[in-house]
Amino acid sequence: MPTEDIQWWLCATEGTHHYFHMDNWGDCTIIEVLAGEKIWVFAQLKDQKRQTSTTLWTEEFLDMTSLDPLEWDNEAVLLTPGTQLLMQPGTIHAVFTPENAICHGGHFLATSTMSEMLYRAIHCFFKGRMLTNIDHPTIQSRVNVIICYFYKVYVLCTPELSYLPDILTQHGLEQLMATVCLVELHNVICSSSYTLTQEELIAWRLQQDNISINDMLSLYNISAAPYGSRMENIYSRGRAISLLKSILGRATIHDEDGNKVQADDDNNEAEEYNNFIVPPEDLFNHQLQWSTSRWPELQATVKNSTSQDYDSKCLAWDFPKVTITVDPPTPSSPLTNSDLMRLGLWCGDVMFLQAYWKYGSSTMVHEGAPSSSSDQNLAGNKRKGPHQSTDMLKRQRHS
């Protein structure tokens, strides 16, 4: 698992400081002072419900260096040698160095705070430059590792019980569902999904077909997101869906009055993509549409959220008070790669893979000379609809 960008040292001279910010993507943070001193100043909203506000963190003139004391409480902590500090996701903090200091620290994910991480990841995507001081590109892989672990324990019934959310409690079930949401939103709230590809060969081959680099995002969903990470996310979504089906298929949930709550695990996976229509919206709406297309109830909610009558001030959902019982699991065999891809594949992924196989480096031996049969199989398909691309993808995958 990549960890280079989440372990670090701080060497600061007297007077060094950093104004209020949150650590990116909702990572938890640990820091230990080895020499010198640090002053850590925490800022917390007086109204805790506003932590997940949909408006506070997107204000046009948001200034993290000047927080209104009428809305925020501040607390300072002096860190001396040997002191360790742990911060939860999204903690607003400023740092001052009263004397030369050396510190060691890092970022990590905690299965007990995945919902808080989800909210902060969304905030940082929309206002990253205003809220945070650094990006951590390995965050998707680290979340995917957690999904692999959940899948291994809850679906395959591997007896490893450390650091698992207790799905018999509301909080535990919420953390598991938040982790699944993070995996589903990987492409949606990733800046590279909206940035032009840096692969020169693909760009050159597109231009040979009179397709501009600027058009490939909307035509093929080709972006700066690398092939490897996109495939990893597809398989991770497959595991996440299998995880949900396993948990909800065994869970019985009752509300406060004892009425049974339906835990719907049907994601309409057999519907395929025949009726999928890429909306004529901006690229973000494309990604959001692809993310919600397999979940009719969610798709209806997202559609409703664009209406003038819809008023959602917070990302956090008021989880109803329920009691949860879960039947003992039945060990199952791991899903094949084909099964995981079938469960995790978006229409946008199909568009990307169709184009990648045609324009990617694996289809070319030397400049100007296509060499792979996939070139011929894909010829003339570049503007076909998503359902046609899906059929072709199946043939290529099983060939």
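Please determine, by comparing only the residues of the range 220-257 that are under 23 Å from residue 203 (Cα atoms) and of a type in the set (Phe, Trp, Tyr), which one is surrounded by the most Cβ atoms within 10 Å (Cβ to Cβ).
Looking at the filtered set, the residue picked out is 220.
Could you say whether any residue in the range 209-220 is among the aromatic types (Phe, Trp, Tyr) and either farther than 14 Å from residue 356 by Cβ or more than 24 Å from the chain's Cα centre (by Cα) (or both)?
The answer is no; no qualifying residue exists.
How many residues are among the hydrophobic types (A, V, I, L, M, F, W, C) and part of a helix (DSSP H, G or I) if we restrict to the range 188-220?
The total comes to 9.
For residue 149, are the conditions met, namely being under 28 Å from residue 318 (Cα atoms), part of a helix (DSSP H, G or I), hydroxyl-bearing (Ser, Thr, Tyr) and over 20 Å from the mean Cα position of the chain (by Cα)?
Against the criterion (under 28 Å from residue 318 (Cα atoms), part of a helix (DSSP H, G or I), hydroxyl-bearing (Ser, Thr, Tyr) and over 20 Å from the mean Cα position of the chain (by Cα)), residue 149 does not qualify.
Among (1) modelled with pLDDT of 95 or more; (2) not in a loop (DSSP other than H, G, I, E, B), which single condition is residue 8 missing?
Only one criterion is unmet by residue 8, namely (1).
Can you tell me which residue in the range 234-249 is nearest to residue 290 (Cα to Cα), limited to those that are within 17 Å of the chain's Cα centre (by Cα) and of a type outside the set (Val, Ile, Thr)?
Filtering first and then ranking leaves 237.
How many residues are free of Cβ contacts under 8 Å to residues at least 40 places away in the same chain and assigned to a strand (DSSP E or B) when one looks only at the range 34-53?
Within the range 34-53, residues that are free of Cβ contacts under 8 Å to residues at least 40 places away in the same chain and assigned to a strand (DSSP E or B) number 1.
Residues to consider are 70, 56; find the one that is free of Cβ contacts under 8 Å to residues at least 40 places away in the same chain and in contact with a helix residue (DSSP H, G or I) (Cβ under 6 Å, 6 or more places away or on another chain).
56
Among what's in the range 75-97 and is over 15 Å from residue 28 (Cα atoms), out of contact with any Leu (no Cβ under 8 Å at 6 or more places or on another chain) and in a strand (DSSP E or B), pick the residue that is most open to solvent (accessible area, probe 1.4 Å).
Here the residue is 75.
State all residues of the range 153-170 that are open to solvent by 30 Å² or more (accessible area, probe 1.4 Å) and in contact (Cβ under 8 Å) with a residue 24 or more places away in the chain; if no residue qualifies, say none.
156, 157, 163, 164, 168, 169, 170
Taking into account only those residues within the range 174-183 that are touching a residue at least 60 places away in the same chain (Cβ under 8 Å) and farther than 12 Å from residue 113 by Cα, which is surrounded by the fewest Cβ atoms within 10 Å (Cβ to Cβ)?
Within the range 174-183, the match that is surrounded by the fewest Cβ atoms within 10 Å (Cβ to Cβ) is 181.
The values are calculated or read from the model by the stated rules, or taken from the named source; none is laboratory data. Just so we're clear, the structure is a prediction, and the values are computed from it rather than from any experiment. Ideal geometry is used to build each Cβ from the backbone, glycine not excepted, and the neighbour counts take in all protein chains shown. When the accessible area is computed, the model is the full protein with side chains, heavy atoms only, and any ligands, DNA or RNA have been set aside. Shrake-Rupley method; radii C 1.70, N 1.55, O 1.52, S 1.80 Å.
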